[in-house]
Amino acid sequence: MERLETKKINGRVYYYYSCWGWRDGKCRRLWQKYLGSLQDIMKTLTGERDAPVCAEVFQWGLPMAFWKEAIRAETVAIVDNLCPKRKQGFTTGQYLTVAAINRAIQPCSKRSMWDWFSRTVLRRVLSGVTEEAFVSQRFWDHMDRVGEKEGQQIWKRVFQGVVRRESINAESISYDGTNFYTFIDTFNSRCTIARRGKNKQGRENLRQVSYALFCSADGPLPMYYDIYEGNRNDAKQFPLMLKQFQDFFLETTGQSCHAANVTLVFDKGNNSQENFGWIDRMPLSYVGSVKLDEHKELAGEANGSNRFIICQEPGLETTKAFRVRKTVYGKERVLVVTYNQHLFEAQWETVHNDMTRALEKLATVAARLDRWRMGVNRRGKKPTKEYVTRQVADILSRQHMKEVIRAEVREEAGFLLLEYCSPEEEVERLKDTYLGKSILVTDREDWENDRIIRAYRSQYLIEGVFKEMKDRSHGNWWPLHHWTDSKIRVHALYCTLALLFRGLMMRRLARNGMPISLHKAMHELSQIQEVLNFFSVPEKKGRGRKKSTPVQVVLTRMSDFQEKMVAILGLKEQVPN
């Protein structure tokens, strides 16, 4: 039974809304809600309320979106099951999940984690967390429980659950590798993963960590990853990754890559006869590419040749192709020769710019040699033929420059001459053959050319993931302030979890009619904040329990677009801790 009750306290009457029921055979009050004085009730009914004395604002949209994805993926439960601790304070799973969400939103060092965490709604969702629990030492005390084997099992179980719940399409999987430079000291012997090698960002002077990733086109979603020594060649790492991925795929999906009709997409940097032999033995369907110079008769086919057939699928209107069968890496395979007008225009502009710069540099070298010959320049060491030849080779080192520019260094009457020209016929031959072309290799004989081309172009998805990871505004790999192998492996784990949360969120939006960019989605969600309004408490005279401060929780005003995102992602649904 529910009823309105009054209580007289210090001569003033206060109203309560209460519920009574039977408990232990007696009629007792089950709960009550304080309504206030008669004046308070009237203010509420008429909309006249005291203004809040202060307010706190917390990030809500992004933290809640990624926390929801983490809850669906059962990340906390899986980590706590594999890396248990006594039931006190923050768990290992909560630490790892919060670190992954931080990487997905606003990466920072562990020393700055509390500053970020305390300004998000996660502080309320994960109640009872103190600043002391978020010092970097407490964080790594828990992360030290996550060894290399535990990290692999965590990722395996998380992704296995994602495959089961989300019905991930694994028919097209891209593979690629990248590296991340570090500032680990040269003489640090506690780290064996970070080594010097060819860095994709031109930082060969720094030790680097290599990162390999298999990525499903359905998202895109990271499926399997590994980190390895920074000086290991990509082509040598490729067969090791194939074997690891095959075992991972079998364990997480219950079927082999061949039975699941998986097609692996990879770039030409992994090509070798040994690697193709590995693929043939697995067996595994594939779409890759080969270098034009390895098949000059195909690269030399005129762009206007009648062999080319215009592609019909949407998005391939400027592409045409033809296919042949040819022995490649010890076995007869299908080659699809493609010509893309957009690619041609981009490559021709690059070649034209390179030609202009090269001709200007050659003109400078030739003028300097002429000054020596005419006696104008007599200071310094006289240039030798070997030195000038090296200069010319360096100027023409860019792709195609040696074909479109002819340069010769010769000696006459004790002085050097540089003669150069750009034959028009060679420029036209290059424009009509190599530019705009790609040669794809596959075993998918049953696929049409259009489908093969689209499969290979899906490689841009994994390239976009790497670009996203390295982005300085919303990337998730940097900063990396670790110098031991174990900590770098944990870092790679929660960075990949961050990629998974992002991918799941974007996939959910796209499947519900909102195929927007990651940047757009994160910008819109970051604008949604939670506001806590605190109201004053009337001064209480005499003795008695102090009243708690009345708090009102509201969200900032949302646009229709944001409302739709919140509904799709289910952010207003109750979230468990």
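The values are calculated or read from the model by the stated rules, or taken from the named source; none is laboratory data. Given the structure is predicted, the values throughout are model-derived calculations rather than measurements. Virtual Cβ from ideal backbone geometry, glycine too; neighbours counted across all protein chains shown.
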Completion exercise
Exactly one of Arg429, Arg444, Arg390 is surrounded by fewer than 18 Cβ atoms within 10 Å (Cβ to Cβ) and part of a loop (DSSP other than H, G, I, E, B), and that one is Arg444
Exercise for the section: Go through Trp348, Trp372 for me and flag whichever is within 30 Å of Glu448 (Cβ to Cβ), surrounded by 12 or more Cβ atoms within 10 Å (Cβ to Cβ) and in contact (Cβ under 8 Å) with a residue 24 or more places away in the chain. Expected result: Trp348
Fill in the blank from the handout: Cβ pairs under 9 Å, 6+ apart or interchain, first in region 253-276 and at negative phi, second at pLDDT below 90 and among the polar types (S, T, N, Q), ordered by first then second residue, are Ala260/Thr253; Val262/Ser256
Practice task
Quick one: Lys33 ticks every box in (1) in a strand (DSSP E or B); (2) surrounded by 11 or more Cβ atoms within 10 Å (Cβ to Cβ); (3) without any contact (Cβ under 8 Å) to a residue 40 or more places away in the chain except a single one, so which number is it?
Solution key: (2)
Exercise for the section: Could you tell me whether region 179-202 includes any residue that is surrounded by 14 or more Cβ atoms within 10 Å (Cβ to Cβ), among the small types (Gly, Ala, Ser) and closer than 28 Å to Arg444 by Cα? Expected result: no
Practice task
Kindly indicate the residue of region 56-83 that is among the aliphatic types (A, V, I, L, M) and touching a strand residue (DSSP E or B) at 6+ places or on another chain (Cβ under 9 Å) and also modelled with the lowest pLDDT among those meeting that condition.
Solution key: Val57
Exercise for the section: Considering every residue within region 39-52, establish whether at least one is surrounded by fewer than 22 Cβ atoms within 10 Å (Cβ to Cβ), in a strand (DSSP E or B), more than 50 Å from the chain's Cα centre (by Cα) and not assigned by TED's automatic domain parsing to the domain that holds Gly503. Expected result: no
Fill in the blank from the handout: Within region 469-485, residues in a helix (DSSP H, G or I) and buried (at least 18 other Cβ atoms within 10 Å of the Cβ) come out as Met469
Problem - Hits in region 80-90 (condition: under 19 Å from Val129 (Cα atoms) and touching a residue at least 12 places away in the same chain (Cβ under 8 Å)) - result: Asp80, Lys85, Gly89, Phe90
Practice task
Could you pull out the residue among Tyr420, Tyr456 that is more than 17 Å from Lys291 (Cα to Cα) and either buried (at least 20 other Cβ atoms within 10 Å of the Cβ) or of a type in the set (Ser, Thr, Tyr) (or both)?
Solution key: Tyr420
Exercise for the section: Residues being closer than 21 Å to Lys487 by Cα, without any contact (Cβ under 8 Å) to a residue 40 or more places away in the chain and outside any strand (DSSP E or B): count how many of those fall in region 198-230. Expected result: 2
Completion exercise
The lone condition Arg86 fails out of (1) modelled with pLDDT under 85; (2) outside any helix (DSSP H, G or I); (3) in contact with a strand residue (DSSP E or B) (Cβ under 9 Å, 6 or more places away or on another chain) is (3)
Exercise for the section: State which residue is surrounded by the most Cβ atoms within 10 Å (Cβ to Cβ) when the search covers only region 404-417 and only residues that are among the acidic types (Asp, Glu) and more than 17 Å from Glu360 (Cα to Cα). Expected result: Glu411
Problem - Selection status of Gly277, out of contact with any strand residue (DSSP E or B) (no Cβ under 6 Å at 6 or more places or on another chain) and either closer than 24 Å to Leu504 by Cα or small (Gly, Ala, Ser) (or both) - result: yes
